[in-house]
Amino acid sequence: QVRLVESGGGWVQAGGSLRLSCAASGRTSINYGTGWFRQAPGKERELVATISAGDSTYYADSVKGRFTISRDTAKNTVHLVMNSLNPEDTAVYYCASRYSSTYALTADRFDWWGRGTQVTVSS
């Protein structure tokens with residue numbers, strides 16, 4: 001069994017930055033494909049960024065150039081640095097991992113999920 005725990009969410013003004021962290025316990029799932037998703041009220045869960053075991057990355061167009069996903073293998077942690085935040089980034093952010101070295105682009109391809117961390121950006 002894999003457990004993922006997100007941290008780093010909070011409130012920030014538009015233009016600010018936050019760093020989210022996803023810590024894995026159980027199997028060393030951080031060496032598998034890992035992704036960050038988000039879900040705003042009334043909207044579907046959407047992919048934000050994903051990283052493979054080989055550190056290949058993919059970003060949603062809405063965050064490209066502003067967000068950076070990275071892996072700290074020694075600490076079994078994946079980070080998401082979010083810069084130039086705007087109110088449209090407000091959502092619950094979820095970390096997810098899958099039993100594969102590759103990344104994936106849809107939620108159904110991920111096997112384990114964290115409980116989420118709230119990010120609120122005020123204008």
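The values are calculated or read from the model by the stated rules, or taken from the named source; none is laboratory data. Only a predicted model underlies this, so the values are computations on that prediction, with no experimental measurement involved. When we count neighbours, we look across all protein chains shown, and the Cβ atoms used for this are built from the backbone with ideal geometry, even at glycine. These accessible areas exclude ligands, DNA and RNA; they are computed on the full protein's heavy atoms, side chains included. Shrake-Rupley method; radii C 1.70, N 1.55, O 1.52, S 1.80 Å.
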Tell me, what is the per residue accessible area of the chain in Å², probe radius 1.4 Å?
51 Å²
For region 63-118 the trypsin sites (Lys or Arg not before Pro) that pass both the DSSP coil test and the at-most-16 other-Cβ-within-10 Å test are LYS64, ARG66, ARG115
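Could you tally the net charge around SER123, taking each other residue with its Cβ under 13 Å from the Cβ of SER123, Lys/Arg +1 and Asp/Glu -1? Could you put the intermediate results ahead of the total?
Details: positive: none; negative: GLU88, ASP89.
Net of charged neighbours comes to -2.
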Under a GNM of the chain (C-alpha, springs under 10 Å), which listed residue has the highest mean-square fluctuation: GLY42, GLY16, GLY65?
GLY42
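Let me check against my output: what whole-number percent is the relative contact order of region 47-123, with C-alpha pairs under 8 Å and at least 6 apart? It would help to have the intermediate numbers written out before the result.
Working: 117 pairs, mean separation 23.2, N = 77.
Relative contact order here is 30 percent.
Subtracting the Cα-Cα distance from 0.36 nm times the residue separation, let me have the gained length for THR73 to SER25 in nm, one decimal. Kindly include the intermediate steps, with their values, before the conclusion.
Numbers: separation 48, 0.36 × 48 = 17.28 nm, distance 1.22 nm.
Stretched out fully, the THR73 to SER25 stretch lengthens by 16.1 nm.
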Only residues of region 80-115 count here: report those whose backbone N is under 12 Å from the spot 7 Å along Cα→Cβ of ALA53, or say none.
98-103
With the full set of protein chains in place, find how many percent of the accessible area of region 33-123 is carbon and sulfur; take the probe as 1.4 Å.
45 percent
